[in-house]
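Heads up, the thing below is written out as structure tokens.
The values are calculated or read from the model by the stated rules, or taken from the named source; none is laboratory data. No experiment lies behind these values; they were computed from the predicted model shown. Because the Cβ atoms are built from the backbone with ideal geometry, glycine has one as well, and the counts that use them run over all protein chains shown. Remember, those area values only see protein heavy atoms, side chains included, never the ligands or the DNA or RNA. Shrake-Rupley method; radii C 1.70, N 1.55, O 1.52, S 1.80 Å.
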Amino acid sequence: MLRYLSQIGKYFLMLKEVFNRPTKWSAMKQLIFKEIDDLIIGSLGIVAFISFFVGGVVAIQTALNLTNPLIPKYLIGFATRQSVILEFAPTFISIIMAGKMGSFITSSIGTMRVTEQIDALEVMGINSLNYLVFPKVIALLLYPFVIGLSMFLGILGGWIAGVYGGFASSDEFMTGLQVEFNPFHVTYAFLKTVVFALLLATIPSFHGYYMKGGALEVGKASTTSFVWTSVAIILANYILTQLLLTK
């Protein structure tokens, strides 16, 4: 227990150091664009693929469970919208990104630690945490755009599966998308996404930066960072849902 508390304290001290002694803007700008390319643009393909097909699966499974003829078909669109916007896009995609982005961040920073590149930055008087972690935090401010795309494609996949699978007409599905729509649910999803983005940028960085050992330990650190990032996302999800949605 003490070890976990010590690690949590170390994590918050790292966050403080990330925003201290900033690297000059001319160098930082290039680092931010590189991280946007690696973390955001590099993730669009897998996010689009998963979102589209999971949205389709949600619509089909909802339709197959509506066996009572008295239940209106528009509930297929309603269930797809609620599932995708409230949980699937922000939370499920973030856990997948903890595996993709998280392992990439941990292994890249961990390799720099193993090859003593971080020590070299410190010797040159550069704040290595600001140099390595801050661009990732800024790049992941664009993460809500990825989740917005995920929401759109999830609902599109649900519409295609529902309509072309013969489970509902296009009008019924569209009615379901609009019925009892609460705009705050979208706000809630994006607020969650911003918190998850911060966790995705910093927890894997923490595990990569403070790892010790050689190449084998880089792999172990990547696995550990995925586990703890996922745990943090699920806990944050519960707390934010309790704060924002319950009255």
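Out of LEU140, LEU121, which single residue is in contact with a Leu (Cβ under 9 Å, 6 or more places away or on another chain) and free of Cβ contacts under 8 Å to residues at least 24 places away in the same chain? Let's see the steps before the verdict.
On the way: LEU140 fails: free of Cβ contacts under 8 Å to residues at least 24 places away in the same chain.
Exactly one residue qualifies, and that residue is LEU121.
Identify all residues within the range 149-185 that are exposed (fewer than 15 other Cβ atoms within 10 Å of the Cβ) and either within 17 Å of the chain's Cα centre (by Cα) or among the polar types (S, T, N, Q) (or both); write none if there are none.
Those that are exposed (fewer than 15 other Cβ atoms within 10 Å of the Cβ) and either within 17 Å of the chain's Cα centre (by Cα) or among the polar types (S, T, N, Q) (or both): SER169, SER170, GLN178, ASN182.
Which of the residues belonging to the range 153-179 are under 16 Å from VAL54 (Cα atoms), assigned to a helix (DSSP H, G or I) and in contact (Cβ under 8 Å) with a residue 60 or more places away in the chain?
Scanning the range 153-179 gives LEU153, GLY154, ILE155, LEU156, GLY157, GLY158, TRP159, ILE160, ALA161, GLY162.
I need a count of the residues in the range 1-46 that are assigned to a helix (DSSP H, G or I), of a type in the set (S, T, N, Q) and closer than 19 Å to LYS136 by Cα. Full working, then the answer.
Here is the first cut: in the range 1-46, the ones assigned to a helix (DSSP H, G or I) are 2-18, 25-46.
With of a type in the set (S, T, N, Q) added as a condition, the list becomes 6-7, 26, 30, 43.
Okay, now just the ones that are also closer than 19 Å to LYS136 by Cα, so 26, 30, 43.
Qualifying residue count for the region: 3.
Which one is most open to solvent (accessible area, probe 1.4 Å) among residues in the range 229-247 that are without any contact (Cβ under 8 Å) to a residue 60 or more places away in the chain and within 24 Å of ILE40 (Cβ to Cβ)?
Ranking the candidates gives VAL231 first.
Would you mind stating whether LYS220 is charged (D, E, K, R) and part of a loop (DSSP other than H, G, I, E, B)?
no
Go through the range 32-53 and give me each residue that's acidic (Asp, Glu) and open to solvent by 50 Å² or more (accessible area, probe 1.4 Å). Steps first, answer last, please.
Residues of the range 32-53 acidic (Asp, Glu): 35, 37-38.
If the condition is that a residue be acidic (Asp, Glu) and open to solvent by 50 Å² or more (accessible area, probe 1.4 Å), then ASP37 is the only one that fits.
Which is at pLDDT 90 or above, of a type outside the set (Lys, Arg) and closer than 23 Å to LEU235 by Cα, of LEU191, LEU149?
Working: LEU149 fails: closer than 23 Å to LEU235 by Cα.
Going through LEU191, LEU149 in turn, the sole match is LEU191.
Which residue, of PHE226, PHE196, PHE206, is closer than 29 Å to THR111 by Cβ, part of a helix (DSSP H, G or I), touching a residue at least 60 places away in the same chain (Cβ under 8 Å) and open to solvent by 60 Å² or more (accessible area, probe 1.4 Å)? Don't jump to the end; show me each part of the working.
Working: PHE196 fails: open to solvent by 60 Å² or more (accessible area, probe 1.4 Å); PHE206 fails: open to solvent by 60 Å² or more (accessible area, probe 1.4 Å).
One residue alone meets the criteria, PHE226.
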